[in-house]
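One structure below.
The values are calculated or read from the model by the stated rules, or taken from the named source; none is laboratory data. Remember, predicted model here, so these are calculated numbers, not experimental data. Using ideal geometry, Cβ is built from the backbone for each residue, glycine included, and neighbour counts are taken over all protein chains shown.
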Amino acid sequence: MAGEERLVVSSKLGRVCLVEFNRPDALNAWVDDSFHHMRECLEEAADDPTVAVVVVTGRGRAFSAGADMKQMGSSVEGAAEGDSNIPASDEPIPADPADSAFGRCLQQVTSFPKPLIAAVNGVGVGWGMTILGHCDFVFMSSAARLRTPFVQLGLTAEAGSSITFAMKMGWQNAAHVLMSAEWFSADEARELGLVFKVTEPDTLIEETMAYAESLAAQPIDSLVATKVSTSSCRSRRLTSLSVCVLTPTALCCSA
């Protein structure tokens with residue numbers, strides 16, 4: 001993709017691959033190309049025998065504001081009108097949500113074989129929070145906040161978060177996070193079980209990378225085998241789910 005602006009970029013630092021969301025002016029809101037580029041970064045890291053661990057973070061002041069609502073709104077409106085040329089997206093809406101840019105990216109995230117660590121540097125909304133359910137470790141800046149606004153938008157929770165959140169936080173806490181649409185601080189997210197460690201904002205990347213490097217010093221085959229054994233229950237439950245649980249589904253809601 002020479003000459004194309006990459007909305008998700010990666011760089012290798014020894015045996016650690018740093019993946020950065022690269023739409024800082026839009027608070028790292030995700031469009032179709034973001035999902036394509038994320039999937040490609042993870043595919044390359046999974047196939048690279050010299051990469052042991054991946055760290056994901058956001059550039060600028062946000063981790064991710066979630067899906068770009070302008071593109072999502074245009075896509076929904078275009079689909080309702082039978083228009084395959086959606087102005088805010090380069091792609092027509094696929095018949096199977098699993099074939100969408102989001103669906104293909106999510107499949108790569110859920111099946112990623114190596115340790116996946118998040119460094120939450122700022123706000124994480126929607127996908128910016130639900131992706132954390134698929135990370136093996138989450139480091140979070142004390143200044144960052146998280147929120148899942150799906151119920152307020154008339155949507156169901158996406159990315160299998162009804163499963164991943166329940167497994168990390170317990171059913172009642174997961175239900176509270178997904179149904180209340182409240183903001184959660186770093187300390188609250190850690191108490192809930194979603195976050196592994198809270199850091200000062202200035203030391204987030206340093207501490208996350210130090211931990212990633214300590215894991216990366218271990219044999220890659222052992223890391224992969226251990227991840228399989230510790231996440232096999234989650235993986236089985238996710239692969240058995242209908243795609244409607246994995247992708248955000250619009251509901252006909254009354255106030």
Looking only at the stretch 25-59, count how many residues are more than 16 Å from Val109 (Cβ to Cβ), more than 16 Å from the chain's Cα centre (by Cα) and part of a helix (DSSP H, G or I). 2
Report whether or not Ile205 is surrounded by 24 or more Cβ atoms within 10 Å (Cβ to Cβ) and under 24 Å from Ala26 (Cα atoms). no
Quick check: is even one residue across the stretch 125-146 in contact with an Asp or Glu (Cβ under 8 Å, 6 or more places away or on another chain), part of a strand (DSSP E or B), closer than 19 Å to Arg61 by Cβ and touching a residue at least 60 places away in the same chain (Cβ under 8 Å)? yes
If I ask for residues that are within 30 Å of Leu155 (Cβ to Cβ) and either at pLDDT below 95 or touching a helix residue (DSSP H, G or I) at 6+ places or on another chain (Cβ under 7 Å) (or both), which ones from the stretch 185-222 would you list? Leu192, Gly193, Leu194, Val195, Val198
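Considering each of Gly124, Gly154 in turn, give the residue that is surrounded by fewer than 19 Cβ atoms within 10 Å (Cβ to Cβ) and in contact with a Leu (Cβ under 7 Å, 6 or more places away or on another chain).
Values: Gly124 fails: surrounded by fewer than 19 Cβ atoms within 10 Å (Cβ to Cβ).
After applying the criteria, what remains is Gly154.
Residues checked against (1) surrounded by fewer than 19 Cβ atoms within 10 Å (Cβ to Cβ); (2) closer than 27 Å to Met209 by Cα; (3) at pLDDT below 90; (4) among the aliphatic types (A, V, I, L, M):
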| position | (1), (2), (3), (4) |
| --- | --- |
| Val16 | no, yes, no, yes |
| Asn28 | no, yes, no, no |
| Asp32 | no, no, no, no |
| Glu43 | yes, yes, no, no |
Residue in the stretch 67-80 that is among the acidic types (Asp, Glu), modelled with pLDDT of 55 or more and either in contact with a helix residue (DSSP H, G or I) (Cβ under 8 Å, 6 or more places away or on another chain) or exposed (fewer than 13 other Cβ atoms within 10 Å of the Cβ) (or both) present: yes
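If you scan the stretch 161-176, which residues turn out to be in a helix (DSSP H, G or I) and without any contact (Cβ under 8 Å) to a residue 40 or more places away in the chain? Break it down stepwise before answering.
In the first step, residues of the stretch 161-176 are kept if they are in a helix (DSSP H, G or I); the result is 161-169, 171-176.
Listed by number, the residues that qualify are Ser161, Phe165, Ala166, Lys168, Met169, Trp171, Gln172, Asn173, Ala174, Ala175, His176.
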Residue check: is Thr226 polar (S, T, N, Q), under 18 Å from the mean Cα position of the chain (by Cα) and part of a helix (DSSP H, G or I)? no
